[in-house]
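The values are calculated or read from the model by the stated rules, or taken from the named source; none is laboratory data. Every value quoted in this text rests on a predicted model; they were computed, and no experiment measured them. Quick reminder, even Gly has a Cβ in these numbers, built from the backbone with ideal geometry, and neighbours come from all protein chains shown.
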Amino acid sequence: MPDWRKLIAAKVALAKRGSKPRSKTMSQLGIQGVDARVPPGQRLVDNFPVLDLGVRPNVNTANWMLNIYGLVEMPLTLSWLDFRSLPQTSDTSDFHCVTRWSQLDMAWEGVQARELLMMAGPLASAKYVTMHGYDGYTTNLPLEALLDDDVMIAHSVNGHSLTAEHGGPVRMVVPKRYAWKGAKWLKAIEMHAADRPGFWEVRGYHNDAFPFAEQRYSDDAF
Ligand SMILES: Nc1nc2c(c(=O)[nH]1)N[C@H]1C(S)=C(S)[C@@H](COP(=O)(O)O)O[C@H]1N2
Ligand SMILES: [Mo]
């Protein structure tokens, strides 16, 4: 049984020691380096397309709340002001959409997901999370996947507050997975013992969604 708080604290300490490989900007890399960052079957774009269910929830900084609940020691409900008073960080990462576009060097600002997990204290029995959006969207991941430095609960990208179409006021980004694993208009993070496939996962999208392994759809779906 994992002691999640200990595990998170160890990861934080490791990152502080500077052992984290920092992502480089495109200009710091040669063409080869850029190619190495583009997963198979993807093409680079320099705009930021919008992909969602076509439902724009009525959520703004005044009515937005974030809940962390389920198998945790201390369920949390955060307002926008609570959220903005948490330690703010930035992380630059690449964004890969299953519809075959990638955008490199997205500079996200917000709170690391593990910061919130540390506060809530997942119980040892917690193994999986469901991220809920205000539009009713859900997506699932192993809890462990949320402990990485680059998993952000973001309010800004590339120097601007997130627009409503991109999930503002607050969305999640999980750069190591296809972008559907990051819920826009983030409403809640729920922890449970067993995996619960989310909106696209029950419709045949791959449960793990690693872009470099081209895990777009699950094998038995089509
Ligand atoms: N709440 C919510 N989050 C969501 C979605 C959605 O429909 N609702 N779509 C997902 C998908 S399929 C993708 S590719 C990305 C797209 O993010 P973007 O519209 O900012 O490019 O958001 C993901 N997060
Ligand atoms: Mo997507």
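In the condition set (1) under 18 Å from the mean Cα position of the chain (by Cα); (2) on the phi > 0 side of the Ramachandran plot, Gly54 is compliant with all but (1). Of all the residues in region 201-222, those that are assigned to a helix (DSSP H, G or I) and closer than 28 Å to Glu73 by Cβ number 1. Restricted to strands (runs of 3 or more DSSP E) entirely inside region 87-200, those with at least 1 residues that are more than 16 Å from ligand 2 (Cβ to nearest atom) and out of contact with any Pro (no Cβ under 7 Å at 6 or more places or on another chain) are 89-96, 101-112, 128-133, 138-142, 152-157, 186-192.
Across region 181-191, not a single residue is classified as under 21 Å from Asp105 (Cβ atoms), away from ligand 1 (no atom under 13 Å from the Cβ) and modelled with pLDDT of 95 or more.
Taking (1) crowded, with 19+ Cβ neighbours inside 10 Å; (2) of a type in the set (A, V, I, L, M); (3) in a helix (DSSP H, G or I) in turn, Leu66 satisfies each apart from (3). Kindly check whether there is at least one residue in region 141-148 that is within 13 Å of ligand 1 (Cβ to nearest atom) and at pLDDT 95 or above. Yes, region 141-148 has at least one match.
Could you please let me know if Val59 is under 25 Å from Pro142 (Cβ atoms), part of a loop (DSSP other than H, G, I, E, B), modelled with pLDDT of 95 or more and of a type outside the set (Phe, Trp, Tyr)?
Numbers: under 25 Å from Pro142 (Cβ atoms): no; part of a loop (DSSP other than H, G, I, E, B): yes; modelled with pLDDT of 95 or more: yes; of a type outside the set (Phe, Trp, Tyr): yes.
In short, no.
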